[in-house]
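The values are calculated or read from the model by the stated rules, or taken from the named source; none is laboratory data. Everything quoted here is computed from the prediction, not taken from an experiment. Counting neighbours? That spans all protein chains shown, and the Cβs are built from the backbone with ideal geometry, glycine included. Surface areas here come from the heavy atoms of the whole protein model, side chains and all, with no ligands, DNA or RNA. Shrake-Rupley method; radii C 1.70, N 1.55, O 1.52, S 1.80 Å.
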Amino acid sequence: MRLNYRTRQLLKQLLVYSLLAIVVGIITFPLFWLVLSAFKSNEEIFSYPPTIFPSRLDFSNFSELQEMINIANYFKNSAVVAVAATILSVVVSIPAAYSVTRFRLRGRKLLGFSTLFLYMLPSIMLATPIFVMFSKIRLANTLVSLILAHTTFSLPFCFWLLWAFFRSIPLELEEAAIISGATRFQAVTKIILPLCLPGIVAAAIFTFIISWNDYLWAMLLISSEELKTMPLALAVVAEVEWIGWGTIFAGCFLISVPPLIGFMFLQKYLIQGFGVGVE
Amino acid sequence: MTSKKTPILLLLPLIVTIFSIIIYPAISAIFSSFTNQELLSENYRIIGLENYFRLIGSDVFISSFTNGVIFAIGITFISLVFGMGIALLLNEPIKGRSIASGLLLFPYLIPTVAAAFMFKWIFHDVYGIMNYGLVSLGLIDGPRAWLGSPDIAMFSSIIVGVWRFFPFVVISILARLQNIPQYLYEAAKVEGANIWQRFKYVTLPQLSNVLVIVILFRFIWMFNNFDLIWLLTRGGPAFATQHLPILTYLQIFWRYQLGLGSATATIMFLTLILLSIIYLKIYKFKG
C-alpha cells in the first residue's frame with residue numbers, strides 16, 4: 001500500500017511529535033519530581049507507594065530551610081559573584097575578540113589553539129596556586145577572589161564565543177562606514193556592536209549561569225559563613241544529619257530559579273549566539 | 001587613523017588576566033609536582049619525577065584514572081547519540097518545537113548541586129522513584145542500590161552526567177543542522193536516496209566539524225569535572241566512582257600532599273593534550 005504524500009507527512013509529524021513528547025517527558029521528569037517534592041511535607045515524601053502530586057501545597061520545607069540558613073544572604077553572594085564575573089569576562093573579551101578578528105596580527109591561529117589548550121587545564125590543578133596567590137595578597141576568603149577564580153573558566157569560554165561571533169560579521173561593514181566618514185570608534189559602536197548584541201547577550205547569560213552554578217571554587221576559597229554562595233551553602237547544610245530531604249529539595253528549587261528564569265527570558269538569543277559560536 | 005598599538009592594547013586585558021589567573025598558577029602547579037611540598041608549608045625539596053613514578057605504580061591512581069576515562073567516554077558517547085537524535089527531532093518543523101527545545105535545555109542550567117540531590121533521591125534504594133517505577137513496570141525484579149553499590153554506581157553517575165550535559169550536544173548540533181542548505185537534500189532525493197542514505201551522505205558530513213568539536217569539548221569537560229561525582233557519591237562507594245579530579249582534591253586538601261596532588265593534576269592535563277593531539281590528527285587524516 002503506497003501512502004500518498006500528505007499521509008506520509010502526517011505520519012511523520014505524528015512520529016516526531018510522539019518521540020519528542022516521550023523524550024521531553026523523560027528528561028523533565030527529574031525536575032518535575034524535584035519541584036513537586038519540595039512542596040510535599042516530609043512525611044509525604046517518605047510515603048510508600050510514593051505519591052506524585054502533593055496532597056496539599058506544603059511550605060514547611062521552605063520555612064525550615066529559612067530557619068536553618070540565611071537564604072537571602074547566600075543568594076546575594078551568588079548574585080554578586082555571578083554578575084561581577086560575567087561583566088568582567090565580557091568586558092575583557094569584547095575588545096580582545098574584536099582585535100583578533102579585525103587586525104592582522106601574527107599568531108592569530110595560535111591564539112585560538114591556546115584558548116582550547118588553556119581549557120584543558122583542570123580547575124583542580126589551578127586551585128591551590130590560586131588560593132596561595134590570593135592568600136599572599138590578603139584576598140583569600142573574599143568574594144573578589146571568587147570572582148577572579150571564576151574567570152578561569154568563564155574567560156576562555158566567553159572569548160571563544162565572542163571571537164566566533166565577531167568573525168561572522170563582515171569587515172566590509174566597518175570599511176563602508178569609515179569610508180563614509182565615520183571614525184573607527186563610531187563604526188564599531190554604532191554598527192558592529194549592535195549587530196553583535198545577540199552573541200554578547202548569549203555569552204553573558206552562559207557565563208552568568210556557569211558562575212552561579214559553581215561549587216568547586218566556592219568550596220575551596222570561601223571559609224566564612226557570611227560569604228558562602230548558595231550552591232556551597234546548600235551542599236554544606238545537606239550534610240547535617242537531621243535535615244529532611246524536603247528541606248534539601250526546597251533549597252534545590254530555590255537555587256535553580258535564577259538560571260531558569262534568566263534562560264526563559266532570553267531563549268532566542270541563546271541558540272542564535274551559541275549556534276554561531278560552534279562553526 | 002588607528003594607531004599601530006591599538007590591536008595589542010585591546011588584547012592586553014585578556015592576556016594579562018589569562019597570564020595571572022591561568023598560566024601562572026598552572027606553571028606553579030607543574031613546578032610543585034616536582035617537589036615534595038606539603039600544603040601550607042614553605043619548605044620543600046625538589047624530588048624530580050618521584051611523584052610521577054609513585055602515582056603510576058599506585059593502584060588507587062590507576063583505578064581513578066580508569067574511572068575518569070570510563071566516565072568521560074561513557075557520557076560523551078551516550079550524550080552524542082542521544083543528543084544527535086534529539087537534534088534531528090527538533091530540526092523538524094513542528095509546532096511546539098521551541099517549547100520542547102527550551103524544556104530540554106533545563107538540565108544544563110540548574111546547578112550541579114540541585115541535580116545531584118535530585119538524582120540521589122530518585123536513585124534512593126528504598127524511597128526512590130527509580131526503583132519503584134522499574135519494579136512496578138516489571139523491568140527489574142527488586143530494588144537496586146543505584147548509587148550505593150560499587151558495580152552500578154559508575155553507571156548511575158554516567159546517567160546523571162548525560163542528563164546534565166546532553167543539552168550542549170543538542171544545541172551545537174541543532175544550530176549546525178539548521179544551516180545545512182536544503183538543496184543538498186533535494187539533490188540527494190533526486191538521486192533516489194532514502195532517509196538513512198540522506199543522513200549518511202548529506203547530514204553527517206555537514207555535521208562533521210561540529211561533531212569533532214563537541215566530542216572533544218565534552219570529553220575534556222567530563223574528564224576534568226569535579227562537582228558531579230563529588231556531590232553525587234563523593235567518589236564512593238569504596239572508590240568505585242573516584243576519578244582523578246577527586247583524587248587530586250583528596251591528596252592536596254585532605255592529605256596535604258601538594259606535590260603529589262599537583263602531579264596527579266598535571267597527568268590529567270597531559271593526558272588531555274595527548275588525546276586531543278591524537279584525536280585531531282585522526283580527524284585531519286580522515287578529512
Fill in the blank from the handout: Per the filter on region B:268-284, residues open to solvent by 70 Å² or more (accessible area, probe 1.4 Å) and either within 16 Å of B:ILE30 (Cα to Cα) or charged (D, E, K, R) (or both) are B:LEU270, B:LYS281, B:LYS284
Problem - Subset of region B:251-270 [more than 9 Å from every other protein chain (Cβ to nearest Cβ) and in contact (Cβ under 8 Å) with a residue 12 or more places away in the chain] - result: B:GLN251, B:TYR256, B:GLN257, B:GLY259, B:LEU260, B:ALA263, B:ILE267
Handout entry: Filter pass, B:LEU10 being open to solvent by 40 Å² or more (accessible area, probe 1.4 Å) and not in a helix (DSSP H, G or I)
Key = no
Problem - Wholly within region B:168-287, helices (runs of 4 or more DSSP H) carrying at least 3 residues that are under 20 Å from the mean Cα position of the chain (by Cα) and closer than 30 Å to A:PRO129 by Cβ - result: B:204-224, B:227-233, B:244-249, B:258-286
Exercise for the section: Looking for whichever is closer than 25 Å to B:PHE217 by Cα, in contact (Cβ under 8 Å) with a residue 60 or more places away in the chain and open to solvent by 30 Å² or more (accessible area, probe 1.4 Å) here; the options are B:ILE23, B:ILE86, B:ILE30. Which one fits? Expected result: B:ILE30
Exercise for the section: Could you please find all residues in region A:158-175 being open to solvent by 20 Å² or more (accessible area, probe 1.4 Å) and either at pLDDT 80 or above or under 28 Å from B:THR17 (Cα atoms) (or both)? Expected result: A:TRP160, A:TRP163, A:ARG167, A:SER168, A:LEU171
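So that you can scan it fast, the table gives a plain yes or no per residue for (1) facing chain B (nearest Cβ under 10 Å); (2) open to solvent by 20 Å² or more (accessible area, probe 1.4 Å):
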| position | (1), (2) |
| --- | --- |
| A:MET120 | yes, no |
| A:VAL132 | yes, yes |
| A:SER145 | no, no |
| A:LYS190 | no, yes |
Problem - Criterion violated by B:ARG176 - all others in (1) closer than 30 Å to B:ARG97 by Cβ; (2) surrounded by fewer than 19 Cβ atoms within 10 Å (Cβ to Cβ) satisfied - result: (2)
Practice task
For region A:45-67, state whether one or more residues are open to solvent by 100 Å² or more (accessible area, probe 1.4 Å), within 13 Å of chain B (Cβ to nearest Cβ) and out of contact with any helix residue (DSSP H, G or I) (no Cβ under 7 Å at 6 or more places or on another chain).
Solution key: yes
Practice task
Mind telling me which of the residues B:ILE75, B:ILE99 ends up being aliphatic (A, V, I, L, M), more than 8 Å from chain A (Cβ to nearest Cβ) and free of Cβ contacts under 8 Å to residues at least 12 places away in the same chain?
Solution key: B:ILE99
Exercise for the section: Please enumerate the residues belonging to region B:111-164 that are open to solvent by 60 Å² or more (accessible area, probe 1.4 Å), of a type in the set (Val, Ile, Thr) and within 20 Å of the chain's Cα centre (by Cα). Expected result: B:ILE159
Practice task
Please enumerate the residues belonging to region A:91-103 that are surrounded by 21 or more Cβ atoms within 10 Å (Cβ to Cβ) and not hydroxyl-bearing (Ser, Thr, Tyr).
Solution key: A:VAL92, A:ILE94, A:ALA96, A:ALA97, A:VAL100
Handout entry: Matching residues in region A:1-44 - criterion: being open to solvent by less than 60 Å² (accessible area, probe 1.4 Å), within 9 Å of chain B (Cβ to nearest Cβ) and farther than 16 Å from A:TRP245 by Cα
Key = A:VAL16, A:LEU20, A:VAL23, A:VAL24, A:ILE27, A:THR28
